[in-house]
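Note sheet for the following structure.
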There are 2 protein chains.
Amino acid sequence: MSMVRRSADMLVEFRQMFGGAGEAENRRILLGAEEMAGKGRLFNHMILRTGCEVAWHIHHGDCETYYVLKGRGAYSDNGVMTELGPGDTAFVNDGEGHSIRCISEEPLEVIALVLYTA
Amino acid sequence: MSMVRRSADMLVEFRQMFGGAGEAENRRILLGAEEMAGKGRLFNHMILRTGCEVAWHIHHGDCETYYVLKGRGAYSDNGVMTELGPGDTAFVNDGEGHSIRCISEEPLEVIALVLYTA
C-alpha cells in the first residue's frame, strides 16, 4: 500500500555503531525488510557529528552503499583509507568491510542502503 | 568489489520523465540492477527545477520510494494529492502510481529508490 510518512513521524534512533566513538543519528527512511519488498534491510539517512564514527565491520550476506549529502568523512574502503565528501558514493559487497568517521565541523550526512546479496 | 565513486564521476542524465514538464536531473548513485545485487533497478539523487515534474506513472513489478532532501513538491500518492517537503518519505507499491512536481523556488531534491517486488 502506498504511503506518505512525514519528517516528524520518522523513526529516529541514536546508537553506537559497532563500538565506534559517539552515536549515530539514524533516521529510518524505510523500516527494514518488510518495507523493502524483502530485498534489503536498511535505508537510512544517517548523521554523524564531528568525531563520531561507524566502526569497522564486515558485511555478510548483504552489500552497503553510502551516498554522502554533507560534511566530510574518513572512510576505510575495505581497508584502504580515503576521504569522502558531498556527492561521493562508497560501496562494499558481501564479505567486504568498511568504516567511516566524521572529520568535518559540520555533521556528516549520508544515505545508507543495505541490500541482500543472497 | 568495493568501490568509491567520486561526485565528479557520477553519471548524470537529464531527461523528460513520463512526458512531464521540463527535465529531471538524475544523478545515478548506483547504475541499475548490476550494482544493486539484482534487487532493484534505480537508486538516484533526482533534482527537479521549479515547475519540472515526474508525470504520473504506475509501477509494474517494482516499488518506489522518494525521500525529500530539499524543496517542496506537489505529489500524487496513488491519486491523492499532497505536498512533500524535506524529510518526507513517499512510497508506492507494485500496481500503484504517483507523480511529483517542484513547486518551490529552490530545486526539489529527492533520493529515489526502485526495488523489484517479484
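Can you give the FRET efficiency to the nearest 0.05 for B:Asn93 and B:Ser7, using r as the Cβ-Cβ distance and R₀ = 30 Å? Please report the intermediate quantities before stating the final value.
Values: r = 32 Å, r/R0 = 1.06.
According to the calculation, E is roughly 0.40.
So if I take the centroid of the Cα atoms in the range A:61-118 and the same for the range A:1-41, what is the distance between those two points in Å?
Centre-to-centre distance over Cα atoms comes out at 16 Å.
Give me the percent relative contact order of chain A, please, defined on Cα pairs under 8 angstrom at least 6 residues apart.
28
When only DSSP loop residues count, what GluC sites (Glu not before Pro) in the range A:13-118 have their Cβ near at most 11 other Cβ atoms within 10 Å?
A:Glu105
If you take the square roots of the eigenvalues of the alpha-carbon gyration tensor of chain A and sort them as a ≥ b ≥ c, do you get rounded (a/c under 1.5), prolate (a/b over b/c) or oblate?
Oblate is the answer for chain A, as a/c is 1.5 or above yet b/c matches or exceeds a/b.
Mind checking B:1-12 for the average number of partner chain beta-carbons within 10 Å of each residue's beta-carbon? Intermediate values should be presented prior to the final figure.
Working: counts 5, 16, 8, 13, 7, 6, 8, 2, 3, 4, 0, 0.
Going residue by residue through B:1-12 and averaging, the value is 6.
In nm, to one decimal, how far is the B:Ala33 label point from the B:His60 one, both placed 7 Å along Cα→Cβ?
1.5
Once Lys and Arg get +1 and Asp and Glu get -1 on their Cβ, which of A:Leu31, A:Pro107, A:His60 lies farthest toward the positive end of the dipole of the range A:1-110?
A:Leu31
In the calculated pair distance distribution of the range A:1-48, what percentage of Cα-Cα distances lie above 15 Å?
51
Taking the Cα centre of chain B as origin, work out the dipole magnitude from +1 charges on Lys and Arg Cβ and -1 charges on Asp and Glu Cβ, in debye rounded to 20.
My answer is approximately 300 debye.
At q = 0.15, 0.16 Å⁻¹, work out log10 I(q)/I(0) for the protein assembly as shown with the Debye formula, treating every Cα as an identical point scatterer and leaving solvent out; two decimals please.
-1.01, -1.15
Within a 10 angstrom radius of each residue's Cβ in A:83-90, how many Cβ atoms of other chains show up on average? Whole number is fine.
5
B:Phe14 label point, 7 Å along Cα→Cβ, cut-off 12 Å on backbone N: hits in the range B:40-79?
It comes to B:49, nothing else.
Since every read-out is calculated from the coordinates, none of them should be taken as a lab result. Remember, it's a predicted structure, so these values are computed and weren't measured experimentally. For neighbour counting, all protein chains shown are included, and Cβ atoms are generated from backbone atoms with ideal geometry for every residue, glycine included.
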